[in-house]
Every structure is written in C-alpha cells, then in structure tokens.
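The values are calculated or read from the model by the stated rules, or taken from the named source; none is laboratory data. Given the structure is predicted, the values throughout are model-derived calculations rather than measurements. Note that each Cβ is placed from the backbone with ideal geometry, even for glycine, and that neighbours are counted across all protein chains shown. The protein model used for the area step is the full one, side chains on, heavy atoms only, and it has no ligands, DNA or RNA in it. Shrake-Rupley method; radii C 1.70, N 1.55, O 1.52, S 1.80 Å.
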Amino acid sequence: MIKDYVKINPDDNIVLTVIVAEGNDDLDIRTKLQKSTGWLKENWVAAPEDEEYRFKHCGIGCTYNRDTGLFLRKKPFASWSLNSDGTDWEPPISNPNNLPESYWNEETQNWFEQS
C-alpha cells in the first residue's frame, strides 16, 4: 500500500516534509524512515488516507495535533488559537457578520468588511 508519511518537528509539531512510501506496516515504514533520514520514527506520522482531508490540512507548515491525531491547516495568524475540540484555528474575536467578505486584521485584532 502506498501512503504519505509526514515528518513532524518535535518541538512545535509543524509539518516539515511529506513523502510517499510503500508498505503494509506503518511501524516498519517509520523505522525505515528513521534509518534513512536519522529522524526518530516517533517524528514520522502516516497521513490520513482521505484525499480531501489530506490536501486541505496535511502540507508543509501545517500543524499536527498529537492529542487528536489530526493535521490542522497552517495557523492563519499569530493571535489565533485552537478551538476547544482541537480541530481548527479560531480568532480571538468571532466574525460578527459571518460574511465571506469579512477579513481578519491582525494589526487591529478585529474583522473588517472588504467592499
């Protein structure tokens, strides 16, 4: 079976590399990756097989949540934090109008509407 394997920075859980490997045993593949790259097998994670999820969330710069086992899209702004279930980033202030034309302004820490 061919799968994507993701190298995770152990300090901040940021995705550093995504590679394709073939095999049936995840532990065996991660052990081989450790031997060939020098990175501990604990820092290699098998990406989800759901293609839609993988392409949205499992790229370089994304974050791996070790508690949930999920990949999160790249953190959009420094002020945003994980939501309570650990599945996505949330702004410090909710979008009051919830309109697609609203954008977060990191400098003012508020939403604005683009006309």
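Couple of notes before you dig in:
- Taking every residue in the range 2-28 that is in contact (Cβ under 8 Å) with a residue 40 or more places away in the chain and pairing it with any residue that is open to solvent by 50 Å² or more (accessible area, probe 1.4 Å) and assigned to a loop (DSSP other than H, G, I, E, B), at least 6 positions away or on another chain, the pairs with Cβ-Cβ distances below 6 Å are VAL15/ILE60.
- In the range 84-96, the residues that are under 13 Å from GLU106 (Cβ atoms) reach residues that are among the small types (Gly, Ala, Ser) with C-beta atoms within less than 6 angstrom, at least six apart or across chains, in these pairs: PRO92/SER79.
- Residues being of a type in the set (A, V, I, L, M) and loosely packed, with under 14 Cβ neighbours inside 10 Å - total across the range 70-96: 2
- Flag for SER115 being open to solvent by 90 Å² or more (accessible area, probe 1.4 Å), assigned to a loop (DSSP other than H, G, I, E, B), at pLDDT below 85 and at negative phi: yes
- Qualifying position, being of a type outside the set (Asp, Glu) and within 28 Å of TRP104 (Cβ to Cβ), among ILE29, ILE2, ILE19, ILE14: ILE14
- Qualifying position, being open to solvent by 90 Å² or more (accessible area, probe 1.4 Å), among the acidic types (Asp, Glu) and over 26 Å from MET1 (Cβ atoms), among GLU107, GLU22, GLU49, GLU42: GLU107
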